[in-house]
1. Looking at region 129-143 only, could you name the residues that are in contact with a strand residue (DSSP E or B) (Cβ under 7 Å, 6 or more places away or on another chain) and more than 14 Å from PRO65 (Cβ to Cβ)?
2. I'd like to know if region 139-162 contains one or more residues that are open to solvent by 20 Å² or more (accessible area, probe 1.4 Å), closer than 23 Å to ASP25 by Cα and more than 14 Å from the chain's Cα centre (by Cα).
3. Can you pull out every residue in region 167-181 that is of a type outside the set (A, V, I, L, M) and open to solvent by less than 10 Å² (accessible area, probe 1.4 Å)?
4. Name every residue in region 62-97 that is among the small types (Gly, Ala, Ser) and part of a strand (DSSP E or B), in order of residue number.
5. Anything in region 98-131 that is open to solvent by 10 Å² or more (accessible area, probe 1.4 Å), part of a strand (DSSP E or B) and not aliphatic (A, V, I, L, M)? List them, or say none.
6. Only one of these conditions is not met by GLN89: (1) crowded, with 21+ Cβ neighbours inside 10 Å; (2) at pLDDT below 95; (3) not acidic (Asp, Glu). Which number is it?
7. Could you please find all residues in region 70-97 being within 20 Å of ILE138 (Cα to Cα) and over 14 Å from the mean Cα position of the chain (by Cα)?
8. Could you pull out the residue among SER68, SER10, SER82 that is modelled with pLDDT under 95 and of a type in the set (Ser, Thr, Tyr)?
Amino acid sequence: MHNQLTLKKSPLSSARRAPIRSAVDVPVWKTIAIGTFADVSALTNALNAVGCGIGDSAGEILARPAFSLSVTKRSVDLFAVSVTELGFQADTVSLSNIYARAQQLGFGLATAEIAPQLRLQYFDQPVGEFLTVGMAPIQTWKGEPVILTVANGGAGLIVIGQDGNPDAQVPVTSRFLFVRPGSSDWPDEAAVTHPPSAGASVLVRGDQSASAPNSSGRGKRRADGSKLRSLARALAD
C-alpha cells in the first residue's frame, strides 16, 4: 500500500523564509492522535502491517524502556519549522542551539511517540522530505543518544534515527517538529512505558542516518545525553 503513497514530490522550496518571531505566529502544520496503542508491540505491528520501515537505531529506541506511550488518547498539534526559520544562517547548527532557540520562541519538545504515530498518519509524505521530531534523545543499548526522523527518501516510508548529541551538527535546511504549551503533547503523567511483549517482530531497515561514533566515546555521550535531557526538561517547564 505504501508504494502507492510515496510518489508525491516534495514541495519544499529553496527560498529562505523570514525568521520566526514567536511560536504563536506559526500555524499548526498537522494534528495527529496519540495514545491509540496499548503497547509498543501493537504499535510496531501496525507499522509492519502497512509496510512502513523502521531503521536500525530507531528500532532500538522503540524497544528501550525510556520509550513511552501515552495512556490517554488525545490530539496533538505539530508545528513544522526549518532551522533557518529559527533564525540561524550558518550552514550547520548544533542540536543544543536549535533546542535553545525553539525554547526562546515558545516551542516545546514532543514525546518520542510522535515519530511512529506520525509515520502511521502521514502516508502522503512527499519524496525527499525528512522531518526530525524535536524530542529528548533516548539512548541505544550502547549508550548512543538518538532522536527520531519521519522520512520518505524515495525507497518507502520509514522512521529512522539520527545523532542526538547536543553538539551534533544539523544542516540549516533541516525541518523540525515541535509542540506548543497548551495545544500539544506536553510531557506529563499521562506518559507511561509499554515495553514490547516477548516474541514481537519489528520490521527493521538500515538507517539513512550518519554512522554512530565508536565505543570509546560512550562516557562523553552519556554526559552529553544528560545535558540535552536537562535542556529538554527546561523546555517542558
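1. GLU129, PHE130, LEU131, THR132, VAL133, GLY134, MET135, PRO137 - these are the residues of region 129-143 that are in contact with a strand residue (DSSP E or B) (Cβ under 7 Å, 6 or more places away or on another chain) and more than 14 Å from PRO65 (Cβ to Cβ).
2. No, region 139-162 contains no residue that is open to solvent by 20 Å² or more (accessible area, probe 1.4 Å), closer than 23 Å to ASP25 by Cα and more than 14 Å from the chain's Cα centre (by Cα).
3. Once the filter is applied, which keeps residues that are of a type outside the set (A, V, I, L, M) and open to solvent by less than 10 Å² (accessible area, probe 1.4 Å), region 167-181 yields PHE176, PHE178.
4. Listed by number, the residues that qualify are SER68, SER70, SER75, ALA80, SER82, SER94.
5. Hit for region 98-131 is PHE130, nothing else.
6. (1)
7. The answer is SER70, VAL71, SER94, SER96, ASN97.
8. SER10
The values are calculated or read from the model by the stated rules, or taken from the named source; none is laboratory data. If you're wondering where the values come from, they're calculated on a predicted model, not measured in any experiment. Every residue, glycine as well, gets a Cβ built from its backbone with ideal geometry; the counts of neighbours run over all protein chains shown. We work out accessible area using only protein heavy atoms, side chains counted, and drop any ligands, DNA or RNA first. Shrake-Rupley method; radii C 1.70, N 1.55, O 1.52, S 1.80 Å.
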